[in-house]
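Laboratory data are not the source of any read-out in this text; all were calculated from the coordinates shown. Every value quoted in this text rests on a predicted model; they were computed, and no experiment measured them. Every residue, glycine among them, receives a Cβ derived from its backbone with ideal geometry; neighbour counts consider all protein chains shown.
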Amino acid sequence: MSNKKSVFDKNTIVNLFNENKFNKISKYSQSIIDYYEMDIDICKLVIASEINLKNYFKAEQYLKKIIINNNSDEIYYLYGNILKMQNKFHEAIDAYKKAISLNNKFSEAYNNLANTQKKINENENATYNYIQAIKSDQSNFGAYFNLANLYRSEKKYEEAINNYQKVLEFNPQFVEALNNIGTIKLILGNFENGLKYFKKTIEIDKFHSESYYNYVSAKKITYKDEIFLKLKNLIENEKIPEVQNFKMYYALSKSYFDLDNDELGFKYLELANNFKLNEIEYSFKKQSRNFKKIKKYFSENIKIPSILNDFNSIPIFILGMPRSGTSLIEQIISNHSYVYGGGELDILPLTIENSKWKNNDNFSDTIKIVRNEYLTKINKLSKKNFITDKLPGNFKWIGFIINAIPESKILHLERNPMAICWSIYKSYFNNPDMAFTYKQEYIAEFYILYKDLMNFWKKKYPNKFINIVYEEFVEDYENNIKKIFQKLELNWENHLLEFYKNNKPVETSSFQQVRKKIYKNSSEEWKKYKEFLGPMMEVLSKNNIDF
């Protein structure tokens, strides 16, 4: 200890901490650290107090001082945690590695190292370190859960389920693991099994909104459905926090639409959407700015680089507005023996963001970065000749696709504007950038932005992508399926018309429809709700959009 005086003795500091009087400790934290810098337990209480107050930088400075004289695994682990809280991920990784070098059985250090590596998309390293965390402590169910989540994000569904099951061995009532297994069952087309998991989750936690939403999404609701009745009772008779309420509102809305009670369907849909009102305008303005930047970027004279490197697998991009039929087209195309169904991949937008294209004047360099990073990543997914990338929003990046990956195939889906806008409005998108979808007017405005950008691409890159009008496609789908494979230059295979038997995982809200035969009149369904859809119809009409 130093010769300085301490404001508090050790017992007082411990008592203050136990009484959650973190502000009082923080007020005198510098003098406490100076006096007790060799007493790790007291220092940890001071640092924990600062963390509770979210004074992360202050806590970091104290740890830097303490580390000089206390080179322990525990201190480096704590240091890594504080760096991670400040999004200093690379520094945090170094700290966790130092902790592990001092204690190679430090399970939680491996786990948090993996969590941090996952943050910066180092998934291979994260997988390795989650496994090391489990090897170091077989009872670390948090590491099993995190590894399961990582496998799920990588579409390794069986591995994910196996690790969620490990979690349930430790805690059979861990509702997030139960719900996540149920969700994967839906993705894999095992609806009945998935429903059982959601029921079990709700039995354990009657307020688990995610499971209500998933359950209702997976079946047509009847008035006698026990989960519907439980949900209805909760909403009508119990006070539920709004953060849970809004997802239950979506579930109840969908239930009432199934029951042909449109008035209550819209009532709960609007209650759900109103919960996100504060995010809507910001989300739409951000989208609008991005569209302008993209058009400006590709309006200028650009030099296309010579492409030098080849890759084994070629992407087939299936894009358009959300709810335009992209899932159906992917289900059809991925049924071919030469095609791997990649689903909704976030690789392209992340790659383009990583290229820092907005600040890079060298178009050729940007294109090379996009090409190499994107194709390197998707070629790890499969060794098949083609890989589908069905992220609808990739329509924004057609200029990058055509220039960076000219050998790729692009299919653009068009559909009746009101069919799209209505379907978007009644859907839930768990993405801050999609918050505009909670308001009818902004959905219609976004459609106009989309239409304008697609007209820009069609003019700039004529005949560079395959355009599919959804309504025309489904009207004569057998012949049109054959035409699509002709345009893709893929040989015909006899089973291709039985696309609904394709057992490819489907992650979108279309997971049920694409496993059934084609329903021809789905684009007309919005007309049943015309009286409730005035705001979006008005915006489209004012902008001369026919529907």
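Derived scalar couplings between HN and Hα for the stretch 113-118 equal 4, 5, 4, 6, 5, 4 Hz in order, rounded to whole Hz, by the Karplus curve 6.51 cos²θ - 1.76 cosθ + 1.60 (θ = phi - 60°), x for Gly and Pro. Answer with a single label: of [x] 18, 46, 30, 6, 0; [y] 17, 35, 29, 15, 3, 0; [z] 21, 57, 21, 1, which was calculated as P(r) over Cα pairs in 20 Å bins from 0, in percent from the structure in view? The value computed from this structure is option [x].
Give the aspartates and glutamates reachable from Lys58 as a straight Cα distance under 12 Å; neighbours fewer than 8 places away on the same chain don't count. Excluding near neighbours in sequence, the set is Glu50.
Using the Cα gyration tensor of the stretch 193-271, with a ≥ b ≥ c the square roots of its eigenvalues, what is the shape: rounded (a/c below 1.5), prolate (a/b larger than b/c) or oblate (neither)? Verdict is oblate for the stretch 193-271. Pairwise Cα separations in the stretch 321-433 fall into 5 Å bins from 0 onward with the following percentages, short to long: 2, 10, 19, 22, 19, 14, 10, 4, 0. Sorting 445-451, 493-499, 227-233 by their mean Cβ neighbour count within 10 Å, with the most densely packed peptide first, gives 445-451, 227-233, 493-499.
Each peptide in 64-74, 367-377, 32-42 was scored by the mean count of other Cβ atoms within 10 Å over its residues; highest first, the order is 367-377, 32-42, 64-74. When the chymotrypsin sites (Phe, Trp or Tyr not before Pro) in the stretch 170-220 are filtered for DSSP coil states and for at most 16 other beta-carbon atoms within 10 Å of their beta-carbon, the remaining sites are Phe207. Between the amide H of Val469 and those of Glu414, distances stay under 5 Å, these residues lying 5 or more places away or on another chain, with hydrogens modeled in the peptide plane.
Annotation: amide H of Ile387 within the under-5 Å range of Ile314, Ile316, Tyr340, sequence separation 5 or more or interchain, hydrogens built in the peptide plane. For Ile410, the residues whose modelled amide H falls within less than 5 Å of its own, excluding neighbours fewer than 5 places apart on the same chain, are Phe317, Ile466. Shape verdict for the stretch 23-107, please, from the Cα gyration tensor: rounded (a/c under 1.5), prolate (a/b greater than b/c) or oblate. Oblate shape, in that a/c is at least 1.5 and b/c is the bigger or equal ratio. Pairs exceeding 27 Å between alpha-carbon atoms, taken from Lys155/Lys520; Lys459/Lys487; Lys166/Lys196; Lys119/Lys166; Lys285/Lys390: Lys155/Lys520.
Percent of Cα pairs in the stretch 198-356 per distance bin of 10 Å, from zero to the largest separation: 8, 24, 24, 24, 13, 6, 1. With 10 Å bins beginning at zero, the pair-distance distribution over Cα atoms of the stretch 405-544 amounts to 9, 31, 37, 20, 2 %.
When the helices of the chain are scored as -39500 (n - 2.57) per DSSP H run of n ≥ 4 and the total is divided over every residue, the value at 222 nm lands at -18500 deg cm²/dmol. Only one residue of Tyr56, Phe499, Phe429 has its Cα farthest out toward the positive end of the dipole of the chain, where Lys and Arg carry +1 and Asp and Glu -1 on Cβ, and that residue is Tyr56. Extent along the principal axes, Cα only, for the stretch 148-246: 40, 26, 21 Å, with the longest axis given first. Shown here for the stretch 150-247: GluC sites (Glu not before Pro) in loop regions (DSSP other than H, G, I, E, B) with at most 10 other Cβ atoms within 10 Å, namely Glu238. Here the Karplus relation 6.51 cos²θ - 1.76 cosθ + 1.60, evaluated at θ = phi - 60°, turns the backbone of the stretch 181-192 into coupling constants of 5, x, 4, 5, 4, 5, 4, 7, x, 9, 5, 4 Hz, with x for every Gly and Pro.
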